């Protein structure tokens, strides 16, 4: 059973020929031809998620793990607008999403018909390509060209594209066969090749690198990459190079600085000046650490090289070179011409790092139950080879203060750094991952995306660790909100609990209020079960920020 609508057949056929094998569908009538087409295609897996915002983030989580486009499909009207937060995240995180929306034909827009909005180019500021199709049998070649271009861009440039598909009624008529539309001759070779646009002057870069005694490599969000790890291992052996990694970089080495804020929080002006790099190389996604941003903006390097395949990121306002390559490609070629230099630059960084680590452990040994103490216990408990998903706000910041096992891969929606969709993204990642997924989240992020649990595709080994500090811990940590008379509007205090959500969505549920209770619950938390689990950890709202503030004072 396939849709009679030829335009729907074209979209389904093109997606199949581009090897898109997963489509997340939200219900609706105008999208019926596409829903029928995708659901009846033998090579395409369809997944139903009712809430469009959750559906989009769920698909984003799958695409994050598979590193290939996932399609999302919705009906016309405001349903489409609910995709926007995930589209923005995909845009800034370079995650391929194919957004397919059903629409009414142009003659039915803005005439007072129900469930209609102006859908064409609606994501203009955060989309790589918009294909606005037309339901006209004479324009099917034109439609197919637009679809092919959109899908090529999603694959080659790793980001979101939008295909808007108008249908007139009737919507539910079917035929027994799906036409095959040959798309090979419509592909654009340049998009497939995705050749770099910028030339790289390796001789110039080598000359700078080989004469500098203070070099820094700073890595943001990055998908786990064994080849890149081997290259960074090599560069880490150079005394003139310090490699700073964020939790989301998924890179590990004994000579790396992995807890940036822990190290530089209390450095003196003379130390900052002494540790100011001459050369800075950055790559990967968004940087969490505000401290490193402040440091490098106030004490900028003489040379800042940013490595990215699509566009440069001048985070520190001193960009001198845009290296339009994949990091592995650049570092592989660059290593052939560099020399190791005798320097005290890396040893200085590592000495400070090791001193901070000793003080960190001493402080935790006497810290009482709190958000901070919870992270220590949770990170010690997580099985090796688990995938970690971490929500934004204070959760990812706490995570940055701890060292994780190299086999624990870490992900967080840092493209827009929003709390919306963290749960749905983690569920999508869990669905796509071979390993168990553990999601660590704060209460606001969790309750904000509670519809994410309304999903029949959640693996039974999925685990949520919910740290409930009764509302907005980040606004007690950052300076500013407490100095106003409207703090409750920032912190959003509440008395919510996940207990009844778990009953409704068939999750196992446990709760704890103490360090001893948490230790006991964690012992069997990751074991095989018949249902996914949520462990809700209540922490003292009025003490968490004081404990964290005291921590930074103690490690000075």
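Table for the structure above
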| read-out | value |
| --- | --- |
| Residue 336 vs. criteria surrounded by fewer than 22 Cβ atoms within 10 Å (Cβ to Cβ) and either assigned by TED's automatic domain parsing to the domain that holds residue 389 or under 20 Å from residue 402 (Cβ atoms) (or both) | no |
| Checklist (1) outside any loop (DSSP other than H, G, I, E, B); (2) over 23 Å from the mean Cα position of the chain (by Cα) applied to residue 238, failing item | (1) |
| Selection within the range 403-414 - at pLDDT 95 or above and out of contact with any strand residue (DSSP E or B) (no Cβ under 6 Å at 6 or more places or on another chain) | 413, 414 |
| Of the criteria (1) within 21 Å of residue 341 (Cβ to Cβ); (2) assigned to a loop (DSSP other than H, G, I, E, B), which one residue 288 fails | (1) |
| Some residue of the range 196-203 being modelled with pLDDT of 95 or more, in a helix (DSSP H, G or I) and either farther than 30 Å from residue 115 by Cα or touching a helix residue (DSSP H, G or I) at 6+ places or on another chain (Cβ under 8 Å) (or both) | yes |
| Filtered residues of the range 156-167 (kept if touching a helix residue (DSSP H, G or I) at 6+ places or on another chain (Cβ under 8 Å) and modelled with pLDDT of 95 or more) | 159, 160, 161, 162, 163, 165, 166, 167 |
| Lone qualifier among 140, 152, 119 - being touching a helix residue (DSSP H, G or I) at 6+ places or on another chain (Cβ under 9 Å) and surrounded by fewer than 22 Cβ atoms within 10 Å (Cβ to Cβ) | 140 |
| Residue under evaluation residue 545, criteria (1) at pLDDT 95 or above; (2) part of a helix (DSSP H, G or I); (3) under 17 Å from residue 375 (Cβ atoms), criterion not met | (1) |
| Filtered residue count, the range 325-376, keeping only those that are in contact (Cβ under 8 Å) with a residue 40 or more places away in the chain, under 30 Å from residue 517 (Cα atoms) and in a loop (DSSP other than H, G, I, E, B) | 4 |
| Qualifying residue in the range 244-266 (condition: closer than 30 Å to residue 145 by Cα and modelled with pLDDT under 95) | no |
| Failed item in (1) at pLDDT 95 or above; (2) more than 24 Å from residue 400 (Cβ to Cβ); (3) part of a loop (DSSP other than H, G, I, E, B), with residue 502 passing the rest | (3) |
| Lone unmet requirement of (1) in contact with a strand residue (DSSP E or B) (Cβ under 8 Å, 6 or more places away or on another chain); (2) on the phi > 0 side of the Ramachandran plot for residue 317 | (1) |
| Any hit, the range 173-194, residues being within 30 Å of residue 251 (Cα to Cα), assigned to a loop (DSSP other than H, G, I, E, B) and touching a residue at least 12 places away in the same chain (Cβ under 8 Å) | yes |
| Candidates 508, 514, filtered to the one that is exposed (fewer than 15 other Cβ atoms within 10 Å of the Cβ) and modelled with pLDDT of 95 or more | 514 |
| Residues (crowded, with 24+ Cβ neighbours inside 10 Å and touching a strand residue (DSSP E or B) at 6+ places or on another chain (Cβ under 7 Å)) located in the range 445-461 | 446 |
| So residue 248, is it outside the structural domain of residue 392 (by TED's automatic domain parsing), buried (at least 22 other Cβ atoms within 10 Å of the Cβ) and either over 18 Å from residue 343 (Cα atoms) or free of Cβ contacts under 8 Å to residues at least 24 places away in the same chain (or both) | yes |
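The values are calculated or read from the model by the stated rules, or taken from the named source; none is laboratory data. Computed from a predicted structure; not experimentally measured. Positions of Cβ are generated from backbone atoms using ideal geometry, with glycine treated the same way; all protein chains shown enter the neighbour counts.
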